[in-house]
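The values are calculated or read from the model by the stated rules, or taken from the named source; none is laboratory data. Every value quoted in this text rests on a predicted model; they were computed, and no experiment measured them. Cβ: placed from backbone, ideal geometry, glycine included. Neighbour counts: every protein chain shown.
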Amino acid sequence: MQKVKKLLVKYKEIILYIIFGVLTTAVSFVSYGILTKLIQMQSDIAGIAVSNVISWVCAVLFAFVTNKIWVFESRTGAVKDVLSELWKFVAARLLTGALEWFGVPFLVYLGLNQTVLGIKGMLSKLTISAAVVILNYVFSKILVFNKKNRE
């Protein structure tokens, strides 16, 4: 039991990052589902696009708050400092979002288009998603919620 406790303490940040990552995904999916029901537009595609953007914003804001408070334990309190962290966090998420938007088709183009679970190109999607999760963690730890903000 003591070994498990030691491991939990040692990997607390990564464990919390994964837990809140799952919850962030849930926020994205739930808000998307609710919004697609609430937003009635002339075009279903337009309603879906608007719902998708708003659900992404909800998820990023949720991820920012949970990462700031519980994962990286940033202690900034001044509005200027919090806004600086928020700006860097959103910029990093836009960058990794672009990697995902363009990376998956690019890997498929390069030949990594194997079918997984009956879904064409899923190996590319999984590969890019893993890279995005790792980059989001690294960007958050090093660029957004760096050590000077934790003291």
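Key figures
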quantity: Count of residues meeting criterion [over 23 Å from residue 65 (Cα atoms) and more than 15 Å from the chain's Cα centre (by Cα)] in segment 84-121; calculated: 20
quantity: Single residue of segment 104-140 satisfying the filter (buried (at least 17 other Cβ atoms within 10 Å of the Cβ) and touching a residue at least 24 places away in the same chain (Cβ under 8 Å)) that is farthest from residue 88 (Cα to Cα); calculated: 104
quantity: Residue match in segment 54-66 (condition: out of contact with any Lys or Arg (no Cβ under 6 Å at 6 or more places or on another chain), farther than 20 Å from residue 130 by Cα, not assigned by TED's automatic domain parsing to the domain that holds residue 89 and not in a helix (DSSP H, G or I)); calculated: no
quantity: Test: residue 127 is outside any helix (DSSP H, G or I) and either outside the structural domain of residue 16 (by TED's automatic domain parsing) or not basic (Lys, Arg) (or both); calculated: no
quantity: Within segment 1-23, tally of residues that are over 22 Å from the mean Cα position of the chain (by Cα) and either assigned by TED's automatic domain parsing to the domain that holds residue 137 or assigned to a helix (DSSP H, G or I) (or both); calculated: 9
quantity: Single residue of 53, 82 found to be of a type in the set (Val, Ile, Thr) and farther than 26 Å from residue 12 by Cα; calculated: 53
quantity: Condition met for residue 13 (surrounded by 13 or more Cβ atoms within 10 Å (Cβ to Cβ) and more than 21 Å from residue 125 (Cα to Cα)); calculated: yes
